[in-house]
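I have placed the structure first, in the form of structure tokens, so that the comments after it can refer back to it.
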Amino acid sequence: MSNAPQKIRNPILPGFNPDPSICRVGDDYYIATSTFEWYPGVQIHHSKDLKNWRLVTRPLNRPEQLDMRGNPDSCGIWAPCLTYADGLFWLVYTDVKRYDGSFKDTHNYIVTAPEIDGPWSDPVYTNSSGFDPSLYHDDDGRKWHLNMIWDHRVGYNSFAGIALQEFDPVANKLTGPIRNIFEGTPLGLTEGPHLYKRDGWYYLLTAEGGTAYTHAVTLARSRRIEGPYEVHPEEHVVTARFDPDNPVQRAGHGDIVETQSGETYLVHLMGRPRLGQNRCQMGRETAIQKCVWGEDGWLRLAAGGLAPEEEVTGPDLPSHPFAEEPVRHDFDGPELPLVFQWLRTPYPERLFSLRERPGHLRLYGRESIGSFFEQSLVARRQTAYNYEVETLVDFLPENAQQTAGLIAYYGRYQFYYLAIAWREGMGRVLTIHACPGDYPGAFLTAPLDAPVSLAEIGPVAMKVTVEDMALRFWYRMDGEDWQRIGPAFDATLLADESGRGAHANFTGAFVGMHAMDVSGQALPADFDYFSYRNL
């Protein structure tokens, strides 16, 4: 016997969790989201009731599956698609190697697993003609691969339509003709395809309007998989572009799922800009909307209209909450807690160790902040407007090329970094490095008039708080009170809309631990704990 439907408040996956793909296997629901340059690749969350979610795995976790060294910011894993068929989970994903200018280097792959937590197979390469791949399993046993088509030519529509080609699971390759089945609506920027079948119709769900404030979910249908596809009478199922005051903005890039009792829900990308500011510090998140199928065979929001709801009616399923993520991690175990990620490399042993100094996370100083190859940064997502983070770092720099400390990070052009460093005539000091959106230079600013002297040895506690758009750093030595250091920074600069300009960035704000040694000596820094608390 199920409980009465609950209310679900958006976002259901707070913090950087864009481009959701959802599937149901029995009583279990799974959502896969993009991770871009963060490693391991693809976040998969699990739920029993569509309200409560827990992170369960990141399947692309070894060099054979994913190596993003050299990938620029906001490249890497775009828009995965997760499905289940033939006793296997199927995950389709893009590894983007370039996205600026006229060209996109987009390589698409498929991996499979018998269980959601693996083991996941080595990847099968499919194509590179565009991004946002998906896989549709037809009821006749055939499998179809879709992706948007990228056209680099001057004077042509870059978003050239949706490619459809059959996938042969025995030969592990695409086969047969490539068809452009849908060129989109006048809104344009057609991407993110997903196929479904209902009452003899093939339904094609796409994302349009770009991933900013004109984003939308578009629906079309055809009696034949290759088309032609007729567009929804309202063109779109959900969009916030006509409702600028809606707290749920940037609504688009969706996927649908049917519950055990036949209810239909749409998950989609969203953003939460600060009131009066089009800046989303948490980046692009995941929301959910209740939908209904009309007598005319078209899908619509259950609430009516096109605007996404901040609070929706949940399904007729028993409530199934999960244990909350611990506030504090003491690094006592052999594995990095799942909440943390690092950047690009499939060789984390070169960046960190949980064994070299038991009870600590040891970071080996590597390349500079913002390196596209080996950067020793272990961080977690910001999931609310306001938060407090604390850590304790033991680090003895020997020259000015070595730093370690606490960093609030979006990308190589957007970060604030409280660091133990070394200064001639002073020895060990505390300083701040900042890069508040300097594209393309990525030059540092020096927020302190002079560094703060530290004792020759001993760990330093560091804290960062974000409140009312102000980011502040604090520090203390053993037995001392917390002391402020530096100015109040603009936290909203750690957002998609900062740096390279509006919506040229696709991730979200992280906060974490960093160590740098551009002298090449890989000097270690030891972090005793890390606590994160939303305020």
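The values are calculated or read from the model by the stated rules, or taken from the named source; none is laboratory data. Since the model is a prediction, treat every value here as computed from it, not as a measurement. Please note: Cβ atoms are built from the backbone with ideal geometry, for glycine as well, and neighbour counts cover all protein chains shown.
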Practice task
Please go through segment 61-104 and pick out each residue that is under 18 Å from residue 127 (Cα atoms) and exposed (fewer than 15 other Cβ atoms within 10 Å of the Cβ).
Solution key: 64, 98, 103
Exercise for the section: Would you kindly identify the strands (runs of 3 or more DSSP E) lying entirely within segment 17-100 that contain at least 2 residues that are within 23 Å of residue 409 (Cβ to Cβ) and outside the structural domain of residue 118 (by TED's automatic domain parsing)? Expected result: none
Exercise for the section: Restrict the check to segment 222-235 and report whether at least one residue is in contact with an Asp or Glu (Cβ under 9 Å, 6 or more places away or on another chain), buried (at least 21 other Cβ atoms within 10 Å of the Cβ) and either not in a loop (DSSP other than H, G, I, E, B) or not assigned by TED's automatic domain parsing to the domain that holds residue 292 (or both). Expected result: no
Exercise for the section: Please identify the pairs in which a residue from segment 152-164 that is assigned to a loop (DSSP other than H, G, I, E, B) has its Cβ atom under 7 Å from the Cβ atom of a residue that is modelled with pLDDT of 95 or more and surrounded by 14 or more Cβ atoms within 10 Å (Cβ to Cβ), counting only partners at least 6 apart or on another chain. Expected result: 157/151; 158/150; 158/151
Completion exercise
Counting only residues that are under 25 Å from residue 199 (Cα atoms) and not acidic (Asp, Glu), segment 136-160 contains a total of 9
Problem - Subset of segment 362-391 [of a type in the set (Gly, Ala, Ser) and either in a loop (DSSP other than H, G, I, E, B) or touching a Ser or Thr at 6+ places or on another chain (Cβ under 6 Å) (or both)] - result: 365, 368, 370, 371, 384
Practice task
Check 264, 286 and return the single one that is farther than 25 Å from residue 508 by Cα, in contact with a Leu (Cβ under 8 Å, 6 or more places away or on another chain), surrounded by 15 or more Cβ atoms within 10 Å (Cβ to Cβ) and of a type in the set (S, T, N, Q).
Solution key: 264
Practice task
For segment 279-310, enumerate the residues that are assigned to a loop (DSSP other than H, G, I, E, B) and touching a His at 6+ places or on another chain (Cβ under 9 Å).
Solution key: 284, 298, 306, 308
Practice task
Take residue 404 and decide whether it is more than 26 Å from residue 331 (Cβ to Cβ), assigned by TED's automatic domain parsing to the domain that holds residue 498 and of a type in the set (A, V, I, L, M).
Solution key: no
Handout entry: Condition check for residue 143: of a type in the set (Lys, Arg), crowded, with 16+ Cβ neighbours inside 10 Å and within 15 Å of residue 83 (Cβ to Cβ)
Key = yes
Practice task
Please specify each residue of segment 179-193 satisfying the condition of being in a strand (DSSP E or B) and at positive phi.
Solution key: 192
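Residues are listed down the side, and each one gets a yes or a no for (1) closer than 30 Å to residue 249 by Cα; (2) β-branched (Val, Ile, Thr):
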residue: 420; (1), (2): no, yes
residue: 426; (1), (2): no, no
residue: 455; (1), (2): no, no
residue: 467; (1), (2): yes, no
residue: 526; (1), (2): no, no
Practice task
Those residues that are part of a strand (DSSP E or B) and either modelled with pLDDT under 95 or surrounded by fewer than 22 Cβ atoms within 10 Å (Cβ to Cβ) (or both), I need them from segment 165-178; list them, please.
Solution key: 165, 166, 168, 173, 174, 175, 176, 177, 178
Problem - Out of 255, 243, sole residue that is in a strand (DSSP E or B) and assigned by TED's automatic domain parsing to the domain that holds residue 187 - result: 255
Completion exercise
Inside segment 379-394, the number of residues satisfying the requirement of being of a type outside the set (A, V, I, L, M) and surrounded by 24 or more Cβ atoms within 10 Å (Cβ to Cβ) is 3
Handout entry: Whichever residue in segment 513-535 is within 19 Å of residue 458 (Cα to Cα) and small (Gly, Ala, Ser) and, among such residues, is surrounded by the most Cβ atoms within 10 Å (Cβ to Cβ)
Key = 515
Fill in the blank from the handout: Over segment 92-112, the set of residues in contact with a Phe, Trp or Tyr (Cβ under 7 Å, 6 or more places away or on another chain) and aromatic (Phe, Trp, Tyr) is 93, 109
Exercise for the section: Pull up segment 311-361, narrow it to residues that are assigned to a loop (DSSP other than H, G, I, E, B) and β-branched (Val, Ile, Thr), then point me to the one that is surrounded by the fewest Cβ atoms within 10 Å (Cβ to Cβ). Expected result: 327
Practice task
Check whether at least one residue in segment 350-365 is within 26 Å of residue 75 (Cβ to Cβ) and either outside the structural domain of residue 418 (by TED's automatic domain parsing) or small (Gly, Ala, Ser) (or both), and report yes or no.
Solution key: yes
Fill in the blank from the handout: Restricting segment 195-221 to residues that are without any contact (Cβ under 8 Å) to a residue 60 or more places away in the chain and polar (S, T, N, Q), the one surrounded by the fewest Cβ atoms within 10 Å (Cβ to Cβ) turns out to be 214
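For (1) closer than 24 Å to residue 283 by Cβ; (2) charged (D, E, K, R); (3) over 33 Å from the mean Cα position of the chain (by Cα), each residue gets a yes or a no:
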position: 433; (1), (2), (3): yes, no, no
position: 439; (1), (2), (3): yes, no, no
position: 452; (1), (2), (3): no, no, yes
position: 464; (1), (2), (3): yes, no, no
position: 469; (1), (2), (3): yes, no, no
position: 474; (1), (2), (3): no, no, no
position: 477; (1), (2), (3): no, no, yes
position: 488; (1), (2), (3): yes, no, no
position: 495; (1), (2), (3): yes, no, no
